[in-house]
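What follows is a short report on a single structure.
The values are calculated or read from the model by the stated rules, or taken from the named source; none is laboratory data. The structure displayed is predicted, hence computed values, not measured ones. Note that each Cβ is placed from the backbone with ideal geometry, even for glycine, and that neighbours are counted across all protein chains shown. With ligands, DNA and RNA removed, areas are computed over all heavy atoms of the protein, side chains included. Shrake-Rupley method; radii C 1.70, N 1.55, O 1.52, S 1.80 Å.
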Amino acid sequence: MVKAYRARILSFDAQAEPSRSARLDEDGLLVVGANAQGRQVVQMVGDYNLLADEFKARHPDVTVQHLPDRIIAPGFVDTHVHYPQTDVIGSPAEGLLPWLDSYTFPEEKRFVAGDYAAQAAAFFIAELLRNGVTTALTFATSHVASVDALFTEAQKNNLRLITGKCLQDRNCPDGVRDETEQSLIDTELLMHKWHDVDRLGYAFTPRFAPSCSDAQLRGLGDLAAKYPDVWIQSHVAENVEEITWALSLFPQARSYLQVYDDFGLMRKRSVYAHCIHLDAVDRALMKARGAAAAVCPTSNLFLGSGYFDYRASDEAGMQYALASDVGGGTSFSPFHTMLAAYYVGRATVKTALFQGGQPKLGMSLSPQNLWWQHTAGAAKALGLEGVVGNLSVGCEADFLILNPAATPLLARRTARAESLDELLFAMIVLGDDRLIEKTVISQAD
Ligand code: GUN
Ligand code: ZN
């Protein structure tokens, strides 16, 4: 069924530099309808007055929904989140490793039970949608039941969702630790069951190198070579103790990141969370392999892991995009994540001046760039450019109706905005789930 909306419409120019990529049609038209496969996609988008005649000729019977005070924007893309950690948000710990031991593993043990996993999956997906997230690459637990539960719920909601069984055959407790051979068998079976079914995708998911044996990583590397369109997700270079530990377990590797490359786990559609403590050789490797970093600023600030280096990543030409990393991350809201990313950019001031060198100023990441990193840029990092994360013709029709006057302060501040950057920044700084009036998911007609 064709539907048409007249509102302010935000979209991104895929060719433009991220900080100048956003476009706002002040009086825009968005028309969505079924493509040849029966999936709702964007059919027309742009200035209402330029498109109105063509629209009326093509669809004389379709009524346009007029929302003059609203902004229609692409649904957000979360490139790294843990659905079993919803109830771990805000758990205090010294750092990553004690946080995993004290809170995360005990909670993840519960997902052996299908009914526990099912209720957690239902809450998680509702929470994504409430926050305007319409595509997610998410961890499950090591239990097959946790993967089935999340795919089932995502399918019910028509969501574009990528997940996979977490693999971890050592250095983690009974109840979450899996067994090498069986973990690889289960992974391949689950992949065949769910990958490319409706809007679902599978991700090979080694938790992180310290929790995977050589045999497990080797087996995954073989699967990755056999199924090149399946995603790969893991963690790397997040925390200093974690890195020291990883290097002691893989003494032959030049760096922690190199471990994954040695096992054939770096390629297009591989997404590595954090990538904080990389060096220039690692960043060049990320670029050469077409891998992407999932940048998790609320998590990195909360767990005291460090700051993602935007400048060095740009210099290396490495791909990256934003992620909530719930439950190390503190919020499902992309607005909170974008604001935290802005703070992280700011925080990379180096005090070289006091050591006799040149000061390196913190960056002021532009609002358009931040928003791009959570929509079109995130889709690109996942290899889903032109599929989700934007409102260009042919994109799947996942979009948000934003109310920029959702709170008294938002209303006052957004009314004062004199440019697109000012408007986007007011929403980034002041926004949360209240801004999302409605999340619309592309339906199969
Ligand atoms: N490294 C290994 N597992 C995890 C996890 O669950 N969260 C984070 N933030 N880092 C990890
Ligand atoms: Zn994570």
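Residues in segment 67-97 that are away from ligand 1 (no atom under 16 Å from the Cβ) and either over 31 Å from the mean Cα position of the chain (by Cα) or among the small types (Gly, Ala, Ser) (or both): 2 in all.
Of the residues 87, 78, which single one is surrounded by fewer than 20 Cβ atoms within 10 Å (Cβ to Cβ) and in contact (Cβ under 8 Å) with a residue 24 or more places away in the chain? First the steps, then the outcome.
Values: 78 fails: surrounded by fewer than 20 Cβ atoms within 10 Å (Cβ to Cβ).
87 is the lone residue from the list that is surrounded by fewer than 20 Cβ atoms within 10 Å (Cβ to Cβ) and in contact (Cβ under 8 Å) with a residue 24 or more places away in the chain.
Look at segment 1-25 and say how many of its residues are assigned to a loop (DSSP other than H, G, I, E, B), open to solvent by 20 Å² or more (accessible area, probe 1.4 Å) and of a type outside the set (Val, Ile, Thr).
If we filter segment 1-25 for residues that are assigned to a loop (DSSP other than H, G, I, E, B), which is where we start, we get 1-2, 13-17, 21.
Of the ones still in play, those that are also open to solvent by 20 Å² or more (accessible area, probe 1.4 Å) are 1-2, 13-17.
Those left that are additionally of a type outside the set (Val, Ile, Thr): 1, 13-17.
Total satisfying the criteria: 6.
Looking at residue 100, is it among the aliphatic types (A, V, I, L, M), within 16 Å of ligand 1 (Cβ to nearest atom) and over 27 Å from residue 410 (Cα atoms)?
Yes: the conditions hold for residue 100.
Among the conditions (1) more than 16 Å from ligand 1 (Cβ to nearest atom); (2) surrounded by fewer than 24 Cβ atoms within 10 Å (Cβ to Cβ); (3) closer than 23 Å to residue 269 by Cβ, residue 246 misses just one, which is (1). Are any of the residues in segment 405-417 over 24 Å from residue 320 (Cα atoms), assigned to a strand (DSSP E or B) and at pLDDT 95 or above? Scanning segment 405-417 turns up no residue that is over 24 Å from residue 320 (Cα atoms), assigned to a strand (DSSP E or B) and at pLDDT 95 or above.
Every residue, every condition in (1) without any contact (Cβ under 8 Å) to a residue 24 or more places away in the chain; (2) buried (at least 19 other Cβ atoms within 10 Å of the Cβ); (3) over 21 Å from residue 321 (Cβ atoms); (4) among the hydroxyl-bearing types (Ser, Thr, Tyr), yes or no:
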position	(1), (2), (3), (4)
108	no, yes, yes, no
112	no, no, yes, no
136	no, yes, no, no
152	no, no, yes, yes
158	no, no, yes, no
164	no, yes, no, no
173	no, no, yes, no
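How about segment 266-282: which of its residues are open to solvent by 20 Å² or more (accessible area, probe 1.4 Å) and in a helix (DSSP H, G or I)? 280, 281, listed by residue number. Scanning segment 26-75 for residues being crowded, with 22+ Cβ neighbours inside 10 Å, in contact with a Gly (Cβ under 8 Å, 6 or more places away or on another chain) and β-branched (Val, Ile, Thr) gives a total of 3. In segment 256-265, which residue that is in a loop (DSSP other than H, G, I, E, B) and open to solvent by 10 Å² or more (accessible area, probe 1.4 Å) is nearest to ligand 2 (Cβ to nearest atom)? Filtering segment 256-265 for residues that are in a loop (DSSP other than H, G, I, E, B) and open to solvent by 10 Å² or more (accessible area, probe 1.4 Å), the one nearest to ligand 2 (Cβ to nearest atom) comes out as 263. Residues considered: 322, 339, 301. Of these, the only one that is aliphatic (A, V, I, L, M) and more than 16 Å from ligand 1 (Cβ to nearest atom) is 339. Is it the case that residue 154 is more than 20 Å from residue 392 (Cα to Cα), under 22 Å from the mean Cα position of the chain (by Cα) and within 16 Å of ligand 1 (Cβ to nearest atom)? Spelling it out, it is not the case that residue 154 is more than 20 Å from residue 392 (Cα to Cα), under 22 Å from the mean Cα position of the chain (by Cα) and within 16 Å of ligand 1 (Cβ to nearest atom). Only one of the numbered conditions (1) open to solvent by less than 30 Å² (accessible area, probe 1.4 Å); (2) away from ligand 2 (no atom under 14 Å from the Cβ); (3) of a type in the set (Ser, Thr, Tyr); (4) closer than 19 Å to residue 369 by Cα is violated by residue 307, and that is (1).
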